Structures are given as structure tokens and as C-alpha cells.
Amino acid sequence: MSKGLVVQKYGGSSVANVGRIQRVAQRVVGYSKIGYELVVVVSALGDTTDELVALAEKINPHPCEREMDMLLSTGEQISVALLAMAIQKLGSEAISFTGSQVGIITDSSHTRARIIKINVDKIKEELKKGRIVIVAGFQGVTLNQDITTLGRGGSDLTAVALAKELQANSCEIYTDVEGIYTTDPRIEPRARKIKKITYDEMLEMASLGAQVMQPRSIEVAKKFNVPLHVRSSFNTKKGTMIIKEVKKMEDVLVSGITLNRNEAKITLCGVPDKPGVAVKLFKDLATSGVSVDMIVQNVSHNTRSTDISFTIAKADLTKASKIAKMVAKKIGAGDVLLDEDIARVSIVGVGMKSHRGVAAKMFGILADNKINIEMISTSDISISCIIKKKGAEIAVKKLHADFGLNK
Ligand code: ADP
Ligand code: ASP
Ligand code: MG
């Protein structure tokens, strides 16, 4: 009699070498032996995806996105096969599948494809035969049979989507830390593990740079109310539950601090201060698939021109700067400045909704540590500052300490 269906996802560092793959196999078989049905989603071994990206760039600095997907999807194909072999070696039955084989159908936006539907019949058939089903994370296929990938960190999304579609009893995300922390524990060892966090706060932290979960996976988990348990693959300790609601007597002001070093800033100088200028720039950026993050524009005072600065993902810098230069010429603006030496530090917390003075406190902490703020943006539950990279880790540690988050 089955105890229920569990979807488990193991990240790259959890399957980085032979020993770790064998350990994952033991854990999976352990669950199976006590009566659970298992669908296991696996990422590529260690840094394989980064290595494949670097390899492609050596061949062609601007590789075609369809071919990138053909290449990157191979990483996960290696790990599913190896994990299936490791499980079989332990005497249990397992079968591995690519995203395409199990029917993860996506749209055709290569390198960041969206899942349209999943046909879980094949997985169910194999589970019925008593097999452990291993599925390659991060990948799908279009209706035209083109292989796609779901954006970096996309194995999280594969796991959440399968848990939803299979109506799994639980979805466990195994990684190299013991759960979600108040900030990246690699930057601040005094970071605290959070027992329970809401989808909204997790989504905000993930979108602002907490690499531990892919933002889109949290969006889907929230939409379909799939509870997630983020935990370590190196021990059996309870991790963090990501859920709809966390009841606390009083909301804490700040629940987490995040850092994102993967953005770049573009400034258009001497932009004519008249209607229609911003739309030209940002429409062209949007049509070419560049998503813009923060935007700062001042009204001009004495002259009839102003500067516009905006941030984008570093990966989009070449594309975005080309467009910015073209638009600058068209509208009669001056120089276009590029700055990769920036970092975004953010504070996140639902408690901010009902408290005043949080922003002032953040700016004060940065000022006390002689850290200059270049741009600011706010949402309902977060405040972000763009600063120079040099001060980024200090900023995270000081904000973490002064907002009372240290262990
Ligand atoms: P995986 O390979 O398992 O998908 P990732 O490297 O994508 O793992 O994510 C885990 C890493 O996320 C951790 O090693 C940690 O350094 C980083 N991280 C950043 N912010 C946080 C946070 N707030 N809590 C936990 N981990 C975090
Ligand atoms: N291997 C892919 C990446 O590195 C997907 C993942 O790990 O979730 O982005
Ligand atoms: Mg990840």
C-alpha cells in the first residue's frame, strides 16, 4: 500500500560527483522502501551548465538560442541516466526520462520557455509498475519537437510543475544549504534558517537575487498552492516550508536581505526632455526581449535635457547597449555609459507594509558605512539600492545585523 507520491528535486551540487550521486540514490531508495512512490527531478552535475555556456561562447559569442537549448539540455540527460543506474545498482527499479519523453510541452521562447502542458500518463504508467521515475529538470519540448530550456535554475520549476500535475503529497527541493536563510549563508555565516516563509516573501527574495529558488517556480507554486520543503541533501534535518500563509502575532519588519551582482547599468546622457522619448527607448528594448529592472529619470532644471539610467541583467548588456546607442542617435541624446560595477542590495519583509521609517533606516545604515546609493526602488514588501560592487558584502552584513537578523 503506497504512502503517497513524493516529488524530490536534487540540485547540481547534490549530484556533483559519483559519491554524491550514490548518496542521492540511497536516499531515494530509502523513501521507496518505506512505501512512497517517487518522481525524482535532477539538475546537471555540479557546474556543468555554466561549463556548457562557456564552451558555446568560445565557439560563437552570440550563439543561436535554439542551439543553446540543444546543448544545455544534455547536462540533465547525463545526470538522470547516472542516477537511474545508481538506483538500479542498489537493487531497486528506476527509469529515466528527458523532459521531451515525459511530455513537458513548452512554448518556443528558447532559453526561457514557458510550460504549456504536461502529459503525466507515462510517469503514472511507470509508477504503477513499481518503478522510481527520474526526470531531467530544466527542459521541455515544443509542439514542433524542438528542445527548450526553462531558464537558469529551471529544475525547480520542473519539480513544482510535476508536483502540481501529479497531485503529489509533497514536493521536496534538496540543495546544498539547510533551507531558506535570512540572507545567503555563504556571505553571512550568522544568517538564520527560516522555518516557514510565504510564497510572496520567497518570490520577492528570489526575484531580488536569492539564488536558492528560481522565481518562476515560486510563482507556479503560489498559483496552484503547492507547498515546498527546501532542505539539505547532505543531512536529514527539517528545512524551510514555503507556504501560503505564515501566522505570526506581529509581522517582523525585515525577513531577509538579498544581493544581486548580475545586473548592469546603462545611462543615456543629455536626453531631450520632451514627451515620447522614454517610450522609444523602452519599447525597442522590450521588443528585443530585454527586460528592464530599475529606471531613474530626473526632470531637467536649467537645460532642456536630462539623463535616463536603467538596469538590466548583465547577460543582456551587449544587446541592450546596442539598442540604447541606436535610440540615443535617433533622439539626439549624448553619450551612452555602461556600468558593470554595480550590485543591488535589498531588504524584504511583509512587515514593511505597516511600518514607517524602514527606508530611512536602510539608507542610514548604508551611509554610516560610507556606501553611496546610486539608484533606489521600492515595492510593497521590499526596498532595493544600487551600490558599487566593492561595498556589497559589507552592506549585506551590516543590514543583516542592524535589522536584527543575526543569529
Ligand atoms: P542547487 O544547485 O541545489 O539548485 P543553487 O546554487 O541554485 O542550488 O542554490 C543554493 C545556493 O543559494 C546556496 O548555496 C546559497 O549560497 C544561495 N543562497 C542565496 N541566498 C540564499 C538564502 N537566502 N537562503 C539560502 N541559500 C541562499
Ligand atoms: N542546470 C540548470 C542550471 O544550472 C538548471 C538547474 O540547475 O536548475 O541553471
Ligand atoms: Mg538552483
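The values are calculated or read from the model by the stated rules, or taken from the named source; none is laboratory data. Bear in mind the structure is a predicted one, so any value in this text is a computation, not a measurement. Cβ coordinates were reconstructed from backbone atoms using ideal geometry, including for glycine residues, and neighbour counts include every protein chain displayed. Ligands, DNA and RNA are stripped out before the accessible areas are found, and what is left, the full protein with its side chains, is counted by its heavy atoms. Shrake-Rupley method; radii C 1.70, N 1.55, O 1.52, S 1.80 Å.
Of the heavy-atom accessible surface of the stretch 93-181 (probe 1.4 angstrom), what whole percent is carbon and sulfur?
On the stretch 93-181, the fraction of accessible area on carbon and sulfur atoms equals 42 percent.
How far, in degrees from 0 to 90, does helix 18-33 lean away from the longest principal axis of the Cα atoms of the chain, to the nearest 10?
Approximately 60 degrees, to the nearest ten.
For the stretch 274-342, go through all pairs of different Cα atoms, get the mean of 1/r, take its inverse, and jot down that Kirkwood value in Å.
12.7
For the stretch 97-207, build the charge dipole from Cβ charges (+1 Lys, Arg; -1 Asp, Glu) around the Cα centre, then report which of T148, Y174, I197 sits farthest towards its positive end.
Checking the options against the dipole of the stretch 97-207, the answer is Y174.
Report in % the part of the accessible area of the stretch 1-68 that belongs to carbon and sulfur, leaving out ligands and nucleic acids; probe 1.4 Å.
Of the solvent-accessible surface of the stretch 1-68, carbon and sulfur hold 54 percent.
Using θ = phi - 60° and the Karplus relation 6.51 cos²θ - 1.76 cosθ + 1.60, list the HN-Hα couplings for the stretch 387-404 in order, rounded to whole Hz, with x at every Gly or Pro.
So the J values, rounded to whole Hz, are 9, 6, 4, 3, x, 5, 5, 4, 4, 4, 5, 5, 4, 4, 5, 6, 8, x.
Straight distance only, please: which aspartates and glutamates reach the Cα of K330 with their own Cα at less than 17 Å, same-chain residues fewer than 8 apart left out?
D273, D284, D307
With a probe of 1.4 Å, find how much accessible area the chain has per residue, and write the answer as a whole number in Å².
With all protein chains present, the chain gives 49 Å² per residue.
Suppose every Lys and Arg Cβ carries +1 and every Asp and Glu Cβ carries -1, with no other charges. What dipole size does the stretch 152-270 come out with about its Cα centre, to the nearest 20 debye?
With Lys and Arg at +1 and Asp and Glu at -1, about 220 debye.
Pick from K248, K370, K129 the residue whose mean-square fluctuation is largest in a GNM of the chain, springs joining Cα atoms under 10 Å.
Looking only at K248, K370, K129, the largest GNM fluctuation is found for K248.
Pull out the extension gain between T287 and H355, defined as 0.36 nm times the separation in residues minus the alpha carbon to alpha carbon distance; nm, one decimal.
Result: 20.6 nm gained on full extension.
So, R0 is 22 Å and r is the distance between the beta-carbons of L90 and F234; what FRET efficiency does that work out to, to 0.05?
0.70
Expected output is a single nm value to one decimal: the length gained when fully extending between K128 and D368, i.e. 0.36 nm times separation in residues minus the C-alpha distance. What is it?
Stretched out fully, the K128 to D368 stretch lengthens by 80.2 nm.
Rounded to the nearest 5, what % of the DSSP beta bridges within the chain are antiparallel ones?
60
Would you be so kind as to identify which of Q101, V39, N406 lies farthest towards the positive end of the dipole of the chain, taking Lys and Arg as +1 and Asp and Glu as -1 on Cβ and the Cα centre as origin?
N406
Over the chain, with a Gaussian network built from C-alpha contacts below 10 Å, which listed residue (E67, E178, E37) shows the highest mean-square fluctuation?
The residue with the greatest mean-square fluctuation here is E67.
K361: which aspartates and glutamates have alpha carbons under 12 Å from its alpha carbon, excluding same-chain residues fewer than 8 sequence positions away?
The reachable aspartates and glutamates, counting only those whose Cα sits under 12 Å from K361, are D402.
I need the shape label for the stretch 58-104. Rule: rounded when a/c is under 1.5, else prolate if a/b > b/c, else oblate, with a, b, c from the alpha carbon gyration tensor.
Here the stretch 58-104 falls in the oblate category.
Cross-link partners among aspartates and glutamates for K398, C-alpha distance below 17 Å, same-chain residues fewer than 8 apart left out?
Leaving aside aspartates and glutamates fewer than 8 places away in the same chain, those within reach of K398 are D184, E188, D368.
If you project the alpha carbons of the chain onto their three principal axes, what span does each projection cover, largest first, in Å?
Principal-axis extents of the chain (Cα, largest first): 78, 51, 33 Å.
Of the heavy-atom accessible surface of the stretch 287-403 (probe 1.4 angstrom), what whole percent is carbon and sulfur?
Looking at the stretch 287-403 in its full context, I get 50 percent from C and S.
Mind scanning K222/K353; K248/K397; K122/K223; K195/K244; K58/K390; K283/K319 and naming the pairs with a C-alpha gap bigger than 18 Å?
With Cα atoms farther than 18 Å apart: K222/K353; K248/K397; K122/K223; K58/K390.
Let me spell out the model: positive unit charges on the Cβ of Lys and Arg, negative unit charges on the Cβ of Asp and Glu, origin at the Cα centre of the stretch 337-397. What dipole size does that give, in debye rounded to 20?
Roughly 260 debye for the stretch 337-397.
Taking the Cα centre of the chain as the origin and placing charges on Cβ (Lys, Arg +1; Asp, Glu -1), which of H110, V336, V230 is farthest toward the positive end of the dipole?
Positive-most Cα among the choices belongs to V230.
Using only the alpha-carbon atoms of the stretch 256-314, report the extent along each of the three principal axes, biggest first, to the nearest angstrom.
Cα spread of the stretch 256-314 along its principal axes, largest to smallest: 40, 27, 17 Å.
How would you rank 251-257, 318-324, highest first, on the average number of other Cβ atoms within 10 Å across their residues?
251-257, 318-324
Between I59 and N298, what length comes free when the chain is fully extended (0.36 nm per residue of separation minus the Cα-Cα distance, one decimal in nm)?
Difference between extended and current length: 81.8 nm.
Taking the Cα centre of the chain as origin and charging only Cβ (+1 Lys, Arg; -1 Asp, Glu), how large is the dipole, in debye to the nearest 20?
800
When the helix-only estimate is applied to the chain (DSSP H runs of n ≥ 4, each -39,500 (n - 2.57), divided by the residue count), what is the mean residue ellipticity at 222 nm, nearest 500 deg cm²/dmol?
-10500 deg cm²/dmol
Using only Cα atoms, tell me the angle between helix 65-89 and the longest principal axis of the chain; keep it within 0 to 90° and round to the nearest 10.
It works out to around 30 degrees.
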